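The block underneath contains the structure these notes are about, expressed in structure tokens.
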Amino acid sequence: MAGHASLCAAVDGPVLLPDDIAYEEECRTFNLSRVLTPAVVVGATSTDDVAAAVRHASRHGMPVAVRNQGHQVVLPTAEDALLITTNRLQEVSVDLGRRTVRVGAGVTWSQVLARTEPAGLAAIVGSAPHVGVVGYTLGGGLSPILGRALGYAADHVRWMEVVTADGAVREVTSDSDPDLFWALLGGKGNFGVVTRMEFEVFPVSRFYGGGLWFRGEEMRPVLEAWRALVPVLGEETTTSFSVQRLPDVAALPQPLRGAFVLHVRLGHLGDSAEGAQIAEPLRTAATPVHDTLAERPFGEIGHIHNDPVHGMPLVETSFALSDFSAATLDRFVELTGPGSGCPMKNVEVRALGGSLDREPTRPNSVSSRGTPYMTFAVGSGSPVQLRAMTEFIGAYTRGMSPWRAPHHIVNFLAADEALSEAEVRGFYGAERYARLAALKRVYDPHNMFRFNHNIRPAA
Ligand SMILES: Cc1cc2nc3c(=O)[nH]c(=O)nc-3n(C[C@H](O)[C@H](O)[C@H](O)COP(=O)(O)OP(=O)(O)OC[C@H]3O[C@@H](n4cnc5c(N)ncnc54)[C@H](O)[C@@H]3O)c2cc1C
């Protein structure tokens, strides 16, 4: 590769080419069917490494891709790119007085939880604590417990350190650089490599929550109860559900092994008696086969969804929903319920609303405010099974299209779902997209950061 020696000399971390033994591990992704095959990888050990790698890419006209935990590969395969891996950037510092946390770009939510929980503090963590903090937050950051009460994770960012396409290291706040701050938080990887981030945390040490699983055959009465419950919930309560066709594995408790079930999730910040009362109409709509609703320390937030932690070959889709009416429920059951032939492991609907609809005091470009529901479908298996799942995704998308809403959370975009500029404009809306594209022209005029749901520099 041209300039390999000078790149090695410019950075402290490993520089790996496709023939190197460690290359494959460095390009690892959660979705094993979406591999990254960049021309070269830089395992950044510092902000200086990131800046040197970006300057190198700029000199050689190479695009730059970024990976931390690899949970989202929107645009495989990053061929010809310089991939910067950030997982070695491991700073985590907690300022108890200011109630803020500062993290490096390689930190996961589990690491933050380990530091904040003993202090009785909580961050706007998502459903899976093994997800990277910075990627999650740049894409909005939707929490299954604190979102409706406090908004998106992006709404609580105070400060970022970012390397922009010119190789400059910038410290960005909503006061110092309101445009770049706005664009980064919501624009995700389009505007630079965020090397460090500081955000607020909140005095929350516990919650009432977990899941109720019902036989799939009984999903209709439970979903009717769920549909009636959502509009009357306060902002301290968050809920979602998922139709699951689970594998027969020892890691699951007996009633769930190999089972077709409806998993209703609940997280409630008020007291447990109140939480149990909220869950009552669900518990009585049918008999749960498994019930994990309980008083829990905040660190057990991952127990609400029980997301898988190990990578596997996946197909997935997601989109926003304008409604979950009786007609939506009917169509959902038809597409995913008993006798539907739905091959997916998981088809979920999350109820949003509350503080997720409010503009934050430090404005950002998160585009999904006002979206009442979102759906996400994912399946894993052999290539033949993945093909059947891809077909299902087409049928599911068409079937749910009457309720499809335009503005979606970019964190849930799957590979190849945002290939055209029109699609990306659709996620953001024309006005927000026009501002993002104008800022892209300022901060990344040659579209160096394009392995994402790409915002093209304005003409
Ligand atoms: C099991 C599971 C559960 C999830 N649950 C939720 C949830 O509840 N709420 C939610 O909001 N999201 C959720 N997500 C989505 C998740 O937030 C995104 O996939 C997030 O990007 C994952 O972080 P990562 O470190 O794995 O990102 P990576 O896959 O490593 O990066 C994804 C993209 O983020 C950008 N990026 C990452 N780091 C940086 C950086 N330092 N600077 C600039 N750009 C960067 C790049 O564009 C990169 O391509 C979930 C994902 C999974 C797999």
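The values are calculated or read from the model by the stated rules, or taken from the named source; none is laboratory data. Values in this document were obtained by computation on a predicted structure and should not be read as measured data. Every residue, glycine as well, gets a Cβ built from its backbone with ideal geometry; the counts of neighbours run over all protein chains shown. These area figures cover heavy atoms from the full protein model, side chains too; ligands, DNA and RNA do not enter into them. Shrake-Rupley method; radii C 1.70, N 1.55, O 1.52, S 1.80 Å.
Ranking Glu161, Glu295 from most to least accessible surface, computed with a 1.4 Å probe over the protein chains only, gives Glu295, Glu161. The heavy atoms of Phe30 offer some 30 square angstrom of accessible surface to a 1.4 angstrom probe. Using a simple spin-label model with pseudo-atoms 7 Å out from Cα toward Cβ, Met312 and Thr361 lie 4.3 nm apart. In nm, to one decimal, how far is the modelled label at Ser272 from the one at Thr390, with both set 7 Å along Cα→Cβ? Each label point lies 7 Å from its Cα, and together they span 4.8 nm. Given their separation in residues at 0.36 nm each and the Cα-Cα distance between them, Val442 and Ala5 gain 154.2 nm when the chain is fully extended.
Site pair Asp323 and Ser33 shows an inter-label distance of 3.3 nm when each label is modelled 7 Å from Cα along Cα→Cβ.
Computed extension gain for Ala459 through Leu419, at 0.36 nm per residue and net of the alpha carbon distance, reaches 12.6 nm. Full extension of the segment from Arg435 to Ala22, taken as 0.36 nm per residue of separation minus the current Cα-Cα distance, would add 144.7 nm.
Taking the highest mean first, how do the peptides 299-310, 38-49 order by number of other beta carbon atoms within 10 angstrom per residue?
On the way: 299-310: 18.1, 38-49: 22.3.
Output ranking for 299-310, 38-49: 38-49, 299-310.
How much accessible area per residue does the chain have, counting only protein heavy atoms and a probe of 1.4 Å, in square angstrom? Kindly include the intermediate steps, with their values, before the conclusion.
Working: 17190 Å² over 459 residues.
Using a 1.4 Å probe on heavy atoms only, each residue of the chain averages 37 Å².
Pairs of Cα atoms in the chain fall into 10 Å distance bins, from 0 up to the last occupied one, in shares of 4, 21, 31, 27, 13, 3, 0 percent.
Hey, any idea what % of the chain's accessible area is carbon plus sulfur with a 1.4 Å probe? Ligands and nucleic acids excluded, carbon and sulfur give 53 percent. Annotation: Tyr23 carries an accessible surface of approximately 20 Å², with a 1.4 Å probe and no ligand, DNA or RNA atoms counted.
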